[in-house]
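Here's the structure we're looking at; comments come further down.
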2 protein chains.
Amino acid sequence: MKTSLDCIPCFVRQALEAARLVSSNVATHEKILRQVLRWSCDIDMNQPPPVMGQRIHRFLREIVNIKDPYHDVKARQNRMAMNLLPEMKSKVEASSNPLLAAVRLAIAGNAIDLGANSHVTESTLLKSIRQALTTPFIGDKNAFLKAVTEAKRILYLADNAGEIVFDRLLIEKLEPKRVVVAVRGAPIINDATITDAHTVGLHEIVQVIDNGSDAPGTLLNDCSEDFKQHFLEADLILAKGQGNFETLSNEPYPIIFLFQAKCPVIATHAHVPIGTLVVTQSRYKRLPYGEES
Amino acid sequence: MKTSLDCIPCFVRQALEAARLVSSNVATHEKILRQVLRWSCDIDMNQPPPVMGQRIHRFLREIVNIKDPYHDVKARQNRMAMNLLPEMKSKVEASSNPLLAAVRLAIAGNAIDLGANSHVTESTLLKSIRQALTTPFIGDKNAFLKAVTEAKRILYLADNAGEIVFDRLLIEKLEPKRVVVAVRGAPIINDATITDAHTVGLHEIVQVIDNGSDAPGTLLNDCSEDFKQHFLEADLILAKGQGNFETLSNEPYPIIFLFQAKCPVIATHAHVPIGTLVVTQSRYKRLPYGEES
C-alpha cells in the first residue's frame, strides 16, 4: 500500500517517541525530529510506510550509536509472552478447533507492536488475548483452513518479538516440517530477529531464516537472495502484522495476511473496522480463498 | 511559553485536519502538509506555538483563497452556545455565588476549541458545561475574586466563537462599564472576531475592540497600537483560552488566565492535570493572588 497523508503526522509522533525511548538527551530528540521532518517534506507517497520507518530507525540507531536500541524491550516482551505460553497452549488444546484457536492467538499476539502502540503491558496483552479467543475475525475461515491444508511449502513471515511466542503455537499446528519462518535480517524497532526466534525456541521446531533486511515489513527489493528464493518457492505465504501487510498487500503472490488492524489508515486499506482481527489475502493473485476465489 | 517538541507532531496533524476542513482537494491537502513540514524543519522553538498556528492558517487561507474558512463553523458554534444561554443564565442566577458560577461557565465554554479538538458537538459542549458547574477548578478563587473586585480597568481577552456567549455571562457579573473585551483582529481558525461579538450581542453590554492580529493567541508585537494601549492601561487582564496562555504566560503583566488545559504540553506548563479548569496568573508580575502573592 502507498503512504497516506495520515501516515505523516504519525511518523513524526513515532519518531519523537522512539527518540525518547532510546535517548534521554533532549538535543538528540530535537535532532532526530528535525531530520524526520526534513525527509517528510519530500517523501515519496508511492512507497509503503515502512520505507520511512526503516529510514527513521536507521538514523536513530546511528545517532545513538546502538545497534539494537530495543534489545531490552524485546527481551521483556519475549518473557511476558513466554509466561503466558502454558496457559495459551492449554486453551488451544481444549478448543473445539485447535488450528483456528491458534490462528486467533497468533493474531492477538500482534498487539505487541511498538510501532503503533508503545505502551503494551502484560495486562494489556492478556486482555487482548482473552478477547481474541472469542472475538470473530474478518475473513473466510473455511477458505483459510483449505489454503493452509493444501499448501506444501509455507513461508511464515514473523512480525514482532513476544508475538513470535504465539506464532510458535500456530506453527506447531501447521505441521512444522513444511514451514519455514522468516524474521527480520537486523534489529528494527521491536521486530523479531534470529535472536528472538532462538530465545523463544522457535528453531527447535521449525527452520528459521532471516530476510536480510532491516525494514519493519517485507520490502522484497531490500531482502536477501536466499529469502527471495524461499518467497518465490512457497505455495503459501502467511504474513503476520501490519508492516508485512503494508509492504506486501499489493504484491502478486499467494499471501494470506494475519494481523490486528491497529491504525485507521490500514483499517481503511483492508476495508475493516479498526481493532479487527483480520485474515485477508494479497490483492492480485487470488488464492482459493473467500468470495473472490 | 516556548514551543515543545511535542507541539510539532500536533502542528502537522492539525494542519492536515484543517486542510481537509477547508478543501476537498487531496492535492491541496498534500501541498499544505508539505509546506508545514518544511517550516517545521527550521522552527524556532523559543517562539510560542501560536506563531506556527498563525503561519499555517495564513497559508491555508491563501491556498484556498477564502478569507474566513471557518465562517460557517463559527456561526454554528455561536448558535449552539446561544441556544444554551437562557438555561446557563438561570443556573448562574440560582447559584450561591453567581460570579464564581459565571467563571466556571466561561472556562467550560473554552471546550469550543478547534485547535485542540475539531469535533465539538452540542452534546459534548453541554456535557462539558454541566461538569464544569460542579468540577473544582485549580486556582485560588478568593484571591481571584479579590483581584476582580479591586480592578478598575479590566481588559478581557476573548478566545473562540461560541465561547464568547459564556464570556458574556461572566462580563455581565464583572460590571461591564469597567471592562473592555478584545477579540482577534482577523479570522483565524474559530477564534472570535468582531463579527462573532456582534452576533452574540456582546457589543450591547460592553466595549469591544479587536487586537489587530490574526494570531490564535495574543502576540503583543503583532497587535495594533490601540490594543497595546488598552493592554498597558488595564490593571487586570483576564485572558481566556490556551492560545492566550501560550502567548502571554511569561509576560510581565497583571494577567489572570482562565482556560481548560486540553493538551499535555500546556497542562505540564501550567502544572495541572490535563482536562483541568484553570485559573492562574502570569509568571512574572505577581498579582495579590494565591500562595505566591
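The values are calculated or read from the model by the stated rules, or taken from the named source; none is laboratory data. This one's a predicted model, so the numbers in the text were calculated from it and none came from an experiment. Using ideal geometry, Cβ is built from the backbone for each residue, glycine included, and neighbour counts are taken over all protein chains shown.
For the condition over 18 Å from the mean Cα position of the chain (by Cα) and either over 15 Å from B:V12 (Cα atoms) or at pLDDT 95 or above (or both), A:A27 qualifies. Considering the range A:18-51, the residues that are within 9 Å of chain B (Cβ to nearest Cβ) and among the acidic types (D, E) include one that is surrounded by the most Cβ atoms within 10 Å (Cβ to Cβ), namely A:E30. Report, by residue number, each residue of the range B:26-54 that is more than 22 Å from B:G217 (Cα to Cα) and charged (D, E, K, R). Residues satisfying the conditions are B:E30, B:K31, B:R34, B:R38. Please work out which residue is modelled with the highest pLDDT, limiting yourself to the range A:120-148 and to residues that are in a loop (DSSP other than H, G, I, E, B) and over 14 Å from A:G162 (Cβ atoms). That would be A:G139. Applying the condition of being in a loop (DSSP other than H, G, I, E, B) and either among the charged types (D, E, K, R) or more than 7 Å from chain B (Cβ to nearest Cβ) (or both) to the range A:1-13 and asking which residue is surrounded by the fewest Cβ atoms within 10 Å (Cβ to Cβ) yields A:K2.
Tell me which residues, restricted to the range A:14-51, are outside any loop (DSSP other than H, G, I, E, B), among the small types (G, A, S) and touching a residue at least 24 places away in the same chain (Cβ under 8 Å). Of everything in the range A:14-51, those that are outside any loop (DSSP other than H, G, I, E, B), among the small types (G, A, S) and touching a residue at least 24 places away in the same chain (Cβ under 8 Å) turn out to be A:A15, A:A18, A:A19, A:S40. Look at B:R104 and say whether it is modelled with pLDDT under 90 and more than 14 Å from every other protein chain (Cβ to nearest Cβ). Considered against the rule, which asks whether it is modelled with pLDDT under 90 and more than 14 Å from every other protein chain (Cβ to nearest Cβ), B:R104 comes out as yes.
Quick check, is B:A182 closer than 18 Å to B:F245 by Cα and among the small types (G, A, S)? For B:A182, the condition - closer than 18 Å to B:F245 by Cα and among the small types (G, A, S) - is met. For the residues A:A182, A:A234, A:A197, the requirement of being within 13 Å of the chain's Cα centre (by Cα) and assigned by TED's automatic domain parsing to the domain that holds A:Q77 singles out A:A182. For the range A:251-269, the set of residues classified as in contact (Cβ under 8 Å) with a residue 60 or more places away in the chain, of a type in the set (A, V, I, L, M, F, W, C) and part of a loop (DSSP other than H, G, I, E, B) consists of A:C263 only.
Can you confirm whether the range A:49-61 contains a residue that is small (G, A, S) and over 16 Å from the mean Cα position of the chain (by Cα)? No, the range A:49-61 has no match at all.
When every residue of the range A:139-148 is checked against the conditions, none turns out to be aromatic (F, W, Y) and more than 16 Å from A:V278 (Cβ to Cβ). Listed conditions (1) without any contact (Cβ under 8 Å) to a residue 24 or more places away in the chain; (2) closer than 20 Å to B:L174 by Cα; (3) outside any helix (DSSP H, G or I) are all met by B:I274, apart from (2). Scanning the range B:52-64 for residues that are under 18 Å from A:L37 (Cα atoms), touching a residue at least 24 places away in the same chain (Cβ under 8 Å) and either within 14 Å of another protein chain (Cβ to nearest Cβ) or surrounded by fewer than 23 Cβ atoms within 10 Å (Cβ to Cβ) (or both) gives B:M52, B:I56.
Just checking, does the range B:245-254 include any residue being over 30 Å from B:S123 (Cβ atoms), buried (at least 24 other Cβ atoms within 10 Å of the Cβ) and out of contact with any strand residue (DSSP E or B) (no Cβ under 8 Å at 6 or more places or on another chain)? Yes, because at least one residue in the range B:245-254 is over 30 Å from B:S123 (Cβ atoms), buried (at least 24 other Cβ atoms within 10 Å of the Cβ) and out of contact with any strand residue (DSSP E or B) (no Cβ under 8 Å at 6 or more places or on another chain).
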